[in-house]
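Report on one structure; see the data block that follows.
The values are calculated or read from the model by the stated rules, or taken from the named source; none is laboratory data. Just so you know, these numbers come straight off a predicted model, no measurement behind them. All Cβ positions, even for glycine, are placed from backbone atoms using ideal geometry, and neighbour counts span all protein chains on display.
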Amino acid sequence: MKKLGIAIKVENLTKQFETTLALDHISFEVDEGEVFGYLGPNGAGKSTTIRLLSTLLTPTDGTASILGIDIHDEPGEIRRIIGVLPEEAAHTHYGTISVYENLKFFGKLYGLSNEEADDRIGYLLEFLDLTEYEDSRVETLSTGNRQKLAIARALIHKPKVLFLDEPTASLDPIMARKVRNLILDLSEKENLTFFISSHNLPEIQRICSSIGILNKGRILKLGKINDIKESLNAMIQYSIRIQNDPSQFIAVLDSLDFVENPRVVHGTLVVDVKNPDENNPLLVDALVSSGAKIIELREEEITLEDLYIKTLEGQK
Amino acid sequence: MKEEVKILGITQFRIAYKTRYVKMAIIIGSFILTGSIIAIMVLMAAMNAPFNVLMTVTNIDAILMLPLAPVIVSYYIAADSFVGEKERRTIEPLLLTPLSDREILMGKYITSLLPAFIIFISSLVSVVISWYIIALLFGYPLFAFPDPSILFVIIMSGILVSLSAVSIMFIISERVHNLFEAYQVGGVVVLFVFVPFIAVMQQIMSSSTVIQFDLLTTLFLIGIDLLGAIIPTILVYDNFNRDRLISR
């Protein structure tokens, strides 16, 4: 993959709404061609970040640039090079006009000629399986088709950086996969940069190379997914299958100072172990000496969901 | 003017025209107001009103009522401009286009003023044609109606009063929380602005027989209209705020 430079650069970006501090001096960078996942609970400031970077809101403090263009100095140019799929995008269309008219309207506002707009609309409608709805009024479409239309609108002017807020919400699994593949394809082949805000953690894990975890307006974790996982490796989760009743060994595990949170999940003992290379033999010894007949001890791969929950719990 | 601005203005008018209350406003604005002016003319002619009296009443009606036709239409469309788009959640995609604040406002002015002017011109033409038909039918002299000075005041009033109403409604629409609130606040403000305006006009015109205006009266009347249009329009351009539209 060809990397050209920094696509999104954010420095100390802050947004205060009357009494609420929505973003508190956040800083991060996203490389060109990267697919960046932006995670956080509701109200963390994800949509505010997208609105600031897309020039809909003005920062209270700090700066940001997209492909080297400052959001404050050239907002019109920023809007020309970015595409945005807003929050609940399925409900952001002009309902009384047709699918084609909606896309043509936005295509023209982005400065496309009639011919360019028609070519692009034809391609996007076909790709998103919307061709048969071309002349339908948007208010007659299903939520899933409206979401697809919003994706088409975000792509109508061939943007270089895309901000997607819950891109596959309301899409069926087949279309969701198609959109994920489109994101990866555009990132690989056309070096487009994606900034994706989502609660769909498995999806983010599948398509994003880097993530940022945000809570209460602050970035808690930032970096490549694998690097962040490694930073949490001091404590690794293990599943231990035991022939006898696993619940009788909880007390034994509780007495070990390198074990945390022993519990039984679906008949399997689950524990978090500190420094497993050093402590796993001690763990096995302790269990065997107290009569446990161990069938299997398996390291659980940390999922993005684990990482996300651990990060947010760590903040509490 | 940029092509994008025209596209914005015309497309959004097409969208607005599909809503029931805009159609209603067009019917009230064009047919009821124009119809009442014509009805008064017919009634007075049928009662054999003297020519000067008929001319004076018709002129006063035309000056006061014809500019109201575009105001009624533009009032509804302008009220919807920002808060309506916000309610329908279409404001965000619109603000995400490369158009500048000024260009979006220009597009919005086209959306509100274009139908207003079409209705205004068609209403004016209908009243003038009706006058000649009534004059022929009831045997009045075919006096050039309206006098150029009065025609000038009517046209300028139609344009400037509409601009004023649209600008006031833009200011309100950008600040209120829903469309209903925009109509309520807008109704009060527009009344507050236009009742004194109409009262002043009526005072000026009731002092004598109104068949034509002298230069001073013409300039004075246009001056009031101009002031009423320029101040809110400047306020609209100076205070347009994307932040407020998105975060409120």
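A few remarks follow.
- Of all residues in segment B:115-132, those that are surrounded by fewer than 19 Cβ atoms within 10 Å (Cβ to Cβ) and in contact with a helix residue (DSSP H, G or I) (Cβ under 9 Å, 6 or more places away or on another chain) total 6.
- Selection count where residues are more than 30 Å from B:I222 (Cβ to Cβ) and of a type outside the set (V, I, T), scope segment B:63-100: 14
- Hey, A:T55 within 11 Å of chain B (Cβ to nearest Cβ), within 27 Å of the chain's Cα centre (by Cα) and not in a helix (DSSP H, G or I) or not: yes
- Out of B:A49, B:A16, B:A78, one residue alone is away from chain A (no Cβ under 11 Å) and either part of a helix (DSSP H, G or I) or in contact with a Phe, Trp or Tyr (Cβ under 6 Å, 6 or more places away or on another chain) (or both). It is B:A78.
- Of the residues making up segment B:98-110, just one is within 15 Å of A:G107 (Cα to Cα) and surrounded by fewer than 22 Cβ atoms within 10 Å (Cβ to Cβ), namely B:P98.
- Qualifying residue in segment A:28-42 (condition: without any contact (Cβ under 8 Å) to a residue 60 or more places away in the chain, within 14 Å of another protein chain (Cβ to nearest Cβ) and assigned to a loop (DSSP other than H, G, I, E, B)): no
- Which listed residue, of A:G37, A:G62, is on the phi > 0 side of the Ramachandran plot, buried (at least 16 other Cβ atoms within 10 Å of the Cβ) and in the same structural domain as A:R180 (by TED's automatic domain parsing): A:G62
- Residue check for A:R79: in a helix (DSSP H, G or I), within 8 Å of chain B (Cβ to nearest Cβ), surrounded by 23 or more Cβ atoms within 10 Å (Cβ to Cβ) and touching a residue at least 12 places away in the same chain (Cβ under 8 Å): yes
- Test: residue in segment A:105-114 that is within 11 Å of chain B (Cβ to nearest Cβ) and farther than 30 Å from A:A64 by Cα: yes
- Test result for A:T48, under 18 Å from A:G212 (Cβ atoms) and either in contact (Cβ under 8 Å) with a residue 24 or more places away in the chain or away from every other protein chain (no Cβ under 13 Å) (or both): yes
- Hits in segment A:185-205 (condition: within 14 Å of A:L39 (Cα to Cα) and either not assigned by TED's automatic domain parsing to the domain that holds A:L155 or not polar (S, T, N, Q) (or both)): A:F194, A:F195, A:I196, A:H199, A:L201, A:P202, A:E203, A:I204
- Residues of segment A:271-301 classified as under 16 Å from A:Q237 (Cα atoms) and out of contact with any helix residue (DSSP H, G or I) (no Cβ under 9 Å at 6 or more places or on another chain), total: 12
- Count of segment A:133-167 residues which are closer than 23 Å to A:L192 by Cβ and among the polar types (S, T, N, Q): 1
- Some residue of segment B:60-69 being under 30 Å from A:Y94 (Cβ atoms) and either in a helix (DSSP H, G or I) or of a type outside the set (A, V, I, L, M) (or both): yes
- Considered as a group, the residues in segment A:82-97 that are within 8 Å of chain B (Cβ to nearest Cβ), under 22 Å from the mean Cα position of the chain (by Cα) and part of a loop (DSSP other than H, G, I, E, B) include one that is farthest from B:E103 (Cα to Cα), and that residue is A:E88.
- Where strands (runs of 3 or more DSSP E) fall entirely within segment A:189-294, those with at least 3 residues that are more than 22 Å from A:S47 (Cβ to Cβ) and not acidic (D, E) are at A:235-242, A:259-265, A:268-274.
Each row is one residue, and each column tells you yes or no for (1) at pLDDT 90 or above; (2) over 9 Å from the mean Cα position of the chain (by Cα); (3) buried (at least 18 other Cβ atoms within 10 Å of the Cβ).
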| position | (1), (2), (3) |
| --- | --- |
| A:A176 | no, yes, yes |
| A:N191 | no, yes, no |
| A:I196 | yes, no, yes |
| A:Q205 | no, no, no |
| A:L214 | yes, yes, yes |
| A:K224 | no, yes, no |
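- Test for A:D119: is it more than 10 Å from chain B (Cβ to nearest Cβ) and in contact with a Ser or Thr (Cβ under 9 Å, 6 or more places away or on another chain): no
- Filtering B:I72, B:I91, B:I104, B:I129 for residues that are at pLDDT below 90 and of a type outside the set (D, E) leaves a single hit, B:I72.
- Residue within segment B:94-105 that is small (G, A, S) and touching a residue at least 24 places away in the same chain (Cβ under 8 Å) present: no
- Out of B:I10, B:I26, sole residue that is within 14 Å of chain A (Cβ to nearest Cβ), under 30 Å from A:F106 (Cα atoms) and either in contact (Cβ under 8 Å) with a residue 24 or more places away in the chain or assigned to a helix (DSSP H, G or I) (or both): B:I10
Let's see how each residue does on (1) within 15 Å of the chain's Cα centre (by Cα); (2) under 26 Å from B:I234 (Cβ atoms):
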position	(1), (2)
B:I104	no, yes
B:F117	yes, yes
B:P141	no, no
B:P148	no, no
B:G158	yes, yes
B:I171	no, yes
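- Hits in segment A:152-188 - residues which are within 23 Å of A:D31 (Cβ to Cβ), assigned to a helix (DSSP H, G or I) and of a type in the set (V, I, T): A:V179, A:I183
- One residue from B:V73, B:V57 being under 30 Å from B:A144 (Cβ atoms), away from chain A (no Cβ under 13 Å), in contact with a Pro (Cβ under 7 Å, 6 or more places away or on another chain) and without any contact (Cβ under 8 Å) to a residue 60 or more places away in the chain: B:V73
- Identity of the residue in segment B:32-52, in contact (Cβ under 8 Å) with a residue 12 or more places away in the chain and of a type in the set (V, I, T), that ends up farthest from B:N178 (Cα to Cα): B:V42
- Residues (within 20 Å of the chain's Cα centre (by Cα) and either farther than 18 Å from B:D243 by Cα or surrounded by fewer than 16 Cβ atoms within 10 Å (Cβ to Cβ) (or both)) located in segment A:10-34: A:V10, A:I26, A:S27, A:F28, A:E29, A:V30, A:D31, A:E32, A:G33, A:E34
- So B:V57, is it among the aliphatic types (A, V, I, L, M) and over 30 Å from A:K104 (Cβ atoms): yes
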